[in-house]
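Notes to accompany the following structure.
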Amino acid sequence: MKKLSLAVALLLTPALAQAWPWSQDMANQLSVKPQESPDSANPEPQSFPKRSVPVPGTTVAVKDMEAAVKMANPIPADEKSIAKGAQLFNIYCVPCHGKSGTGDGYVGAKLILRPFDLTSDQLAEKPDGHIFGMMTFGGAIMPPYAYDLSPTERWHVVNYVRKGLKKASAAQAASSAK
Ligand code: HEC
């Protein structure tokens, strides 16, 4: 009985805190996905064509972290995108990375591996695709967010991490110093 309830508990843990992978089955069809190359001889992820408009809610087929790192950020980091990114970051990332992004979230503090500082120079030197890839595939401990955040939403979060987080972090440090 104990074994059975353990099995049930494991089944009910959405793939260790991720949504079910099959929740996107209907979207996985033969059609060419945004940024996917239609040319099998040149399978690298493609930039969006000039003057095209990204459509929210679409799936981007990206094979692995290596491919993600090479992706160009298709969403301009304007005020609107950064604001949307901030909203999503506060929901999905703050528990571990903290409001400051430095890894001081309530959950992050309890992890064996402290969530990396997202305001570090080390991360600043990495391409946008690295942050997109971390959200898409997760890390050793960090869960993937590909089933919770659409690709467009993930790029908004990238824009916030790049352009808004340091300001939020500095504001928090200033208010706690008071
Ligand atoms: C459950 C805790 C947790 C949550 C929630 C979380 N992360 Fe992480 N994150 C980690 C940990 C732990 C690491 C360290 C690397 C690893 O897990 O392999 C990490 C690493 C990273 C890195 C790599 C940093 C580097 O220097 O290479 C990025 C980028 C990142 N997270 C972004 C995010 C974003 C954006 C979100 C929100 C969508 C998020 N994380 C949500 C725990 C978390």
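Odds and ends about this structure:
- Length gained on full extension, L113 to D39: 22.6 nm, using 0.36 nm per residue less the C-alpha separation.
- Those aspartates and glutamates that a straight Cα-Cα span of less than 15 Å connects to K70, excepting residues fewer than 8 apart in one chain: E36, E44, E125, D128
- Cα→Cβ-extended label distance, 7 Å offset, between A124 and A140, nm: 2.6 nm
- Counting charges near G101 (Lys, Arg +1; Asp, Glu -1) among other residues having Cβ under 10 Å from its Cβ returns a value of 0.
- Rolling a 1.4 angstrom probe over the protein heavy atoms with all chains in place gives the range 61-178 an accessible area of 55 Å² per residue.
- Protection proxy ranking for 105-117, 39-51, using the average of other Cβ atoms within 10 Å per residue and placing the highest first: 105-117, 39-51.
- Within the accessible area of the range 61-178 (1.4 Å probe), percent carbon and sulfur: 59 percent
- Packing, taken as the mean count of other beta carbons within 10 Å per residue, orders the peptides 123-130, 66-73 from highest to lowest as 66-73, 123-130.
- Semi-axis lengths, largest first, of the ellipsoid equivalent to the range 61-178 are 22, 17, 12 Å, with √(5λ) applied to each eigenvalue of the Cα gyration tensor.
The values are calculated or read from the model by the stated rules, or taken from the named source; none is laboratory data. The structure presented is a predicted model; accordingly, all values stated were derived computationally and were not measured. Every residue, glycine as well, gets a Cβ built from its backbone with ideal geometry; the counts of neighbours run over all protein chains shown. The accessibility values were calculated without ligands, DNA or RNA, using every heavy atom of the protein model including side chains. Shrake-Rupley method; radii C 1.70, N 1.55, O 1.52, S 1.80 Å.
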